[in-house]
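A short worksheet on the structure shown next.
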Amino acid sequence: MLLGARTEELRALTWSHVNLDGTPPSIMVWRSVREGGDTRKSRRTLAMPKRCVDALKLHRERQDVARKAAGASWQDNNLVFASKVGTELDSHNVRRSFRAVLKKADLNEKEWTPREMRHSFVSLLSDSGIPLENISRLVGHRNTLVTETVYRKQLRPMLLEGAEAMDQLFPD
């Protein structure tokens, strides 16, 4: 939700494409597990918010523990998000884990999917005043059409801007 990356891009993310100590810390979104295997048209490097950096550092520590626990059955694929034995996650793994998080948060698992996090990312940035062109680049869209018509769910109507501007131009 804090990066806007596709789940299939994050499932393919390797530690060699993560820079936790850079200025700014970032991930390189260059691959995908969807058909074709990469995201040539939407390759991008995304700066990470502090919350993501902290979570990934903790995740790496936990993954090191899992690697040691798995012993010889660990398959070192250098994946950031991997199974308990280092193999690639499939979409079912992701949805199952996501439902567990929803349950802990006391949210209805039938109303949410991992894709909703991407929609929320777009909607929150839009509502914060980030230009749609910038949001489209962040989520790897070719232009603003899909970002605007499919992903953005307005939290407040854009038409509010005209009324606010007029109120400032013509105060009481």
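A compact table of results
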item	result
Condition broken by Asn77, with the remaining ones in (1) out of contact with any helix residue (DSSP H, G or I) (no Cβ under 7 Å at 6 or more places or on another chain); (2) in contact (Cβ under 8 Å) with a residue 24 or more places away in the chain; (3) part of a helix (DSSP H, G or I) satisfied	(3)
Subset of the stretch 128-172 that is part of a helix (DSSP H, G or I), open to solvent by less than 90 Å² (accessible area, probe 1.4 Å) and at pLDDT 85 or above - its residue that is farthest from Leu2 (Cα to Cα)	Thr144
Qualifying residue in the stretch 60-72 (condition: closer than 13 Å to Leu13 by Cβ, among the polar types (S, T, N, Q) and open to solvent by 40 Å² or more (accessible area, probe 1.4 Å))	no
Qualifying residue in the stretch 92-106 (condition: touching a residue at least 60 places away in the same chain (Cβ under 8 Å) and not small (Gly, Ala, Ser))	yes
Residue that is most open to solvent (accessible area, probe 1.4 Å), among those in the stretch 84-111 that are farther than 20 Å from Ala70 by Cβ and assigned to a loop (DSSP other than H, G, I, E, B)	Lys110
Out of Trp30, Trp15, sole residue that is modelled with pLDDT under 90, over 23 Å from Trp112 (Cβ atoms), in contact with a helix residue (DSSP H, G or I) (Cβ under 8 Å, 6 or more places away or on another chain) and of a type in the set (A, V, I, L, M, F, W, C)	Trp30
Some residue of the stretch 13-29 being touching an Asp or Glu at 6+ places or on another chain (Cβ under 6 Å), hydrophobic (A, V, I, L, M, F, W, C), crowded, with 16+ Cβ neighbours inside 10 Å and closer than 26 Å to Tyr151 by Cβ	yes
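The values are calculated or read from the model by the stated rules, or taken from the named source; none is laboratory data. As the structure is a computational prediction, the values presented were derived from the model and not from experiment. All Cβ positions, even for glycine, are placed from backbone atoms using ideal geometry, and neighbour counts span all protein chains on display. For the accessible areas, the whole protein counts, side chains as well, though only heavy atoms, and no ligand, DNA or RNA atoms are used. Shrake-Rupley method; radii C 1.70, N 1.55, O 1.52, S 1.80 Å.
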